[in-house]
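Working notes, structure below.
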Amino acid sequence: MEKRPLTILLSAPRGFCAGVDRAIQIVEKAIEKYGAPVYVRHEIVHNKFVVDGLRAKGAVFVEELTEIPNDGQPVIFSAHGVAKAVPAEAKTREMFYIDATCPLVSKVHKEAEKHHELGRQIILIGHQGHPEVVGTMGQLPGGAVLLVETLKDVANLNVDDPHNIAFCTQTTLSVDDTAEVVDALKKKYPHIIGPGKEDICYATTNRQAAVKAIAPRCDALMVIGAPNSSNSNRLVEVGVAYGCNKAILVQRASEIDWKWLDGINVMGLTAGASAPDVLIDEVISAAKERFDVTVEEVAITQENVVFNIPRILRDAEERVA
């Protein structure tokens, strides 16, 4: 039976960012250096395929430090960052820990701390309950940070002193939606201070811009990523907002209902920052079994960002707790 033609517009950049790549390397190098088990508090990144792969190598994923025995093995904090109470608890229990927080998330933490030191009340734009937001708010005492997510939240916001406030943002938000919230904050509080350099990370910005570039040409858009991945969900929303009304998030090829592509001639394909290339390749291979596929990569920029892993994992020094 002759296969129906399908053009796949492959968005670039896509997939792993430097922070995710660094976090995964940290877990792998820790297992290599210290042996299994290596404990990881929360999913190291939001991707089941990645987490399962690390689990098979000897990583044990927990939600809280109380789940970890005092066996001297390292515990790694996820790329999303943690509240200050977490390393404090680890120190109290004399645990050996390694922080895999993305350097761009750490940048937001430092901004928030600096504003607090200068006596400013901080408004954080982000999604309530997301691990990154929990970690950022947890850098400071309770009440020092006010969380807003929508324009309605800004309208209902009350601050202590409108002349002494600052804002930060979660790194994985929609660029466009966040710009609207920032504009609303600036209109309501003309004296508000923002970050010197935008908090939304380069990878989130680039992946959204790449989807914007292909969306008008697509009959459908498929985003590879986890349901709890903020940046992956934002890619679906961006696709719809920029002209591709049919957009879906899937974790991997085995989940795809291929009837979803009935009548589709051009499909956009991208991946969130915590999804590896192998999952993109898997989807393209599965599509080729069913369609006469033509793949066209649409690249808007090249990424060359690399973050170093902690020195303790880069050298042969003995472990220091």
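The values are calculated or read from the model by the stated rules, or taken from the named source; none is laboratory data. All of these numbers come straight from a predicted model, not from anything done at the bench. Reconstructed Cβ throughout: ideal geometry from the backbone, glycine too, with neighbour counts over all protein chains shown.
Going by the conditions given, is Glu282 in a strand (DSSP E or B) and either in contact with a strand residue (DSSP E or B) (Cβ under 8 Å, 6 or more places away or on another chain) or in the same structural domain as Ile8 (by TED's automatic domain parsing) (or both)? No.
Report whether or not Val86 is buried (at least 16 other Cβ atoms within 10 Å of the Cβ), of a type outside the set (Lys, Arg) and either closer than 21 Å to Gln170 by Cβ or assigned by TED's automatic domain parsing to the domain that holds Pro227 (or both). Taking the combined requirement at face value, the residue satisfies it.
Taking the criterion of being over 16 Å from the mean Cα position of the chain (by Cα), small (Gly, Ala, Ser) and crowded, with 20+ Cβ neighbours inside 10 Å, the only residue of region 190-211 that qualifies is Ala210.
Please tell me if Val293 is surrounded by 12 or more Cβ atoms within 10 Å (Cβ to Cβ), in contact with a Cys (Cβ under 7 Å, 6 or more places away or on another chain) and either closer than 16 Å to Cys218 by Cα or of a type outside the set (Gly, Ala, Ser) (or both). Spelling it out, it is not the case that Val293 is surrounded by 12 or more Cβ atoms within 10 Å (Cβ to Cβ), in contact with a Cys (Cβ under 7 Å, 6 or more places away or on another chain) and either closer than 16 Å to Cys218 by Cα or of a type outside the set (Gly, Ala, Ser) (or both). For the condition without any contact (Cβ under 8 Å) to a residue 60 or more places away in the chain, closer than 20 Å to Ser230 by Cβ and of a type in the set (D, E, K, R), Glu289 does not qualify.
Within region 255-279, can you find the residues that are under 23 Å from the mean Cα position of the chain (by Cα), of a type outside the set (A, V, I, L, M, F, W, C) and surrounded by fewer than 18 Cβ atoms within 10 Å (Cβ to Cβ)? Those that are under 23 Å from the mean Cα position of the chain (by Cα), of a type outside the set (A, V, I, L, M, F, W, C) and surrounded by fewer than 18 Cβ atoms within 10 Å (Cβ to Cβ): Glu255, Asp277.
Being among the β-branched types (Val, Ile, Thr) and assigned to a loop (DSSP other than H, G, I, E, B) is the filter; apply it to region 298-320 and report the residue that is modelled with the lowest pLDDT. Per the criteria, the residue is Val320. Kindly establish whether His115 is modelled with pLDDT under 95 and crowded, with 17+ Cβ neighbours inside 10 Å. So His115 fails the test. In the set (1) surrounded by fewer than 21 Cβ atoms within 10 Å (Cβ to Cβ); (2) touching a residue at least 60 places away in the same chain (Cβ under 8 Å), the condition left unmet by Gly35 is number (2). Where helices (runs of 4 or more DSSP H) fall wholly inside region 1-119, the ranges with 2 or more residues that are more than 14 Å from the chain's Cα centre (by Cα) and among the β-branched types (Val, Ile, Thr) are 18-34, 85-92. Restricting attention to region 154-189, the residues being free of Cβ contacts under 8 Å to residues at least 24 places away in the same chain and more than 19 Å from the chain's Cα centre (by Cα) number 5.
Checked against the criteria, Ala179 does not count as surrounded by 19 or more Cβ atoms within 10 Å (Cβ to Cβ) and within 30 Å of Ala18 (Cβ to Cβ).
If you check Leu146 against the conditions, is it in contact with a helix residue (DSSP H, G or I) (Cβ under 7 Å, 6 or more places away or on another chain) and surrounded by fewer than 19 Cβ atoms within 10 Å (Cβ to Cβ)? Against the criterion (in contact with a helix residue (DSSP H, G or I) (Cβ under 7 Å, 6 or more places away or on another chain) and surrounded by fewer than 19 Cβ atoms within 10 Å (Cβ to Cβ)), Leu146 does not qualify.
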